[in-house]
1. Can you give me the number of residues within the stretch 195-227 that are within 21 Å of His318 (Cα to Cα) and among the small types (Gly, Ala, Ser)?
2. Within the stretch 180-233, restricting attention to residues that are among the basic types (Lys, Arg) and touching a strand residue (DSSP E or B) at 6+ places or on another chain (Cβ under 6 Å), which residue is nearest to Gly264 (Cα to Cα)?
3. On the basis of being at negative phi and either loosely packed, with under 14 Cβ neighbours inside 10 Å or without any contact (Cβ under 8 Å) to a residue 40 or more places away in the chain (or both), does Asp162 make the cut?
4. Do any strands (runs of 3 or more DSSP E) lying entirely in the stretch 136-249 carry at least 2 residues that are over 29 Å from Pro125 (Cα atoms), and which ones are they?
5. Just to be sure before I move on: is Ser270 among the hydroxyl-bearing types (Ser, Thr, Tyr) and either farther than 21 Å from Arg178 by Cβ or assigned to a strand (DSSP E or B) (or both) in the structure I sent?
6. Failed condition for Leu251, given (1) crowded, with 23+ Cβ neighbours inside 10 Å; (2) touching a Leu at 6+ places or on another chain (Cβ under 8 Å); (3) closer than 24 Å to Tyr118 by Cα, with all others met?
7. Could you grab me the full set of residues in the stretch 294-313 that are farther than 16 Å from Leu78 by Cβ and small (Gly, Ala, Ser)?
Amino acid sequence: MRLRTIPIEKYAGAVLPVTASLWAGQRDLQTYVRQTNELARSSYGRRNYRTVGLFEDNDWLASCKRYERTIDFNGKRLRAVGFGAVFTPQALRGQGYATTMLALLMDEARQRRLDLGYLFSDIHPAFYAALGFQECPSHTFTMASDSLPTDRVRSGRIEDSDWRDVARCFRALESAERWRIERSAAVWDWIRVRVRQRAENRTAQMVALAVRAKRRVIAYVIGQRQPLKDVFMLDELGWNGSAGRAAVAPLLRNAAGDLRRISGWLPPSSAIAPLHRYRTRKRTDAILMMAPLSARARHFVEVASGDSATDAVWSTDHI
């Protein structure tokens, strides 16, 4: 059995039709394939992302996405490899192929002197724990929209020219975190493409709003309005400076509009302030898990898995 890179064209033709029922959501197969190809061909995708499979001769046994990010931990940079869309065809399940594939990928990462592996588990975490992954805090929050201030704030849609300011707001908050997944210019381009793609969803209304001062973004909110569920699902928010901090809670209320609830992944501690009287519960999907691959990453994984106060990543970091 060997690992092979699956060219995106072959992955789209052979794997995506089989996995669409799991991960396409409300998208038809054509949209699912097109959007997956677009992300793979983005600046981030070309540099840091590939689709891989476990093969015996020419028989496909399992597949996943592999991508690389860097993590800042108290000023030290750790090189991380992420795994997503781990899949084994139905007829081959229960034979350990996905386990073998991930073990080989982690061995490959160690040989390249990467520091840790991570993933967002949609299945029982014990499957990944057997490979050395440790569960990290993964919560959702829910709050009433009318708990937010009703102050009027002038906002507008985030335009392509605004993303540099959005990134500046993000950095202003993340600098206060003990650890964070860093975002390069290529990662921000990846996020911009994903926001645009999600705007095509027919069952939800994509919202990407900003408050500006002197033509610069000082606060932003990204999420989806889901009228059928009467909820605004928050993906991410941020602000810069005292004026941005004052504007972000009313902006979140604007984004929710007439929907009764606001929900989403529990924000990192630096961004929790705009939320009011919220309730939390442990997530049952997309559970963040990490495995140390180097000696210097062991302490980091202990810290990341042991701090249960808030989550450390946004849903926009989920691939």
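The values are calculated or read from the model by the stated rules, or taken from the named source; none is laboratory data. Quick caveat, the model's predicted, so the values are computed rather than measured. When we count neighbours, we look across all protein chains shown, and the Cβ atoms used for this are built from the backbone with ideal geometry, even at glycine.
1. 4
2. Residue satisfying both the conditions and the ranking: Arg225.
3. no
4. Output list reads 205-213, 216-226, 231-239.
5. no
6. (3) is the only condition that Leu251 fails.
7. Residues satisfying the conditions are Gly306, Ser308, Ala309.
Here is a yes/no grid of residues against (1) more than 30 Å from Tyr118 (Cβ to Cβ); (2) in contact with a Pro (Cβ under 6 Å, 6 or more places away or on another chain); (3) at pLDDT 95 or above:
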position: Ser145; (1), (2), (3): yes, no, yes
position: Arg180; (1), (2), (3): no, no, no
position: Arg183; (1), (2), (3): no, no, yes
position: Tyr220; (1), (2), (3): no, no, yes
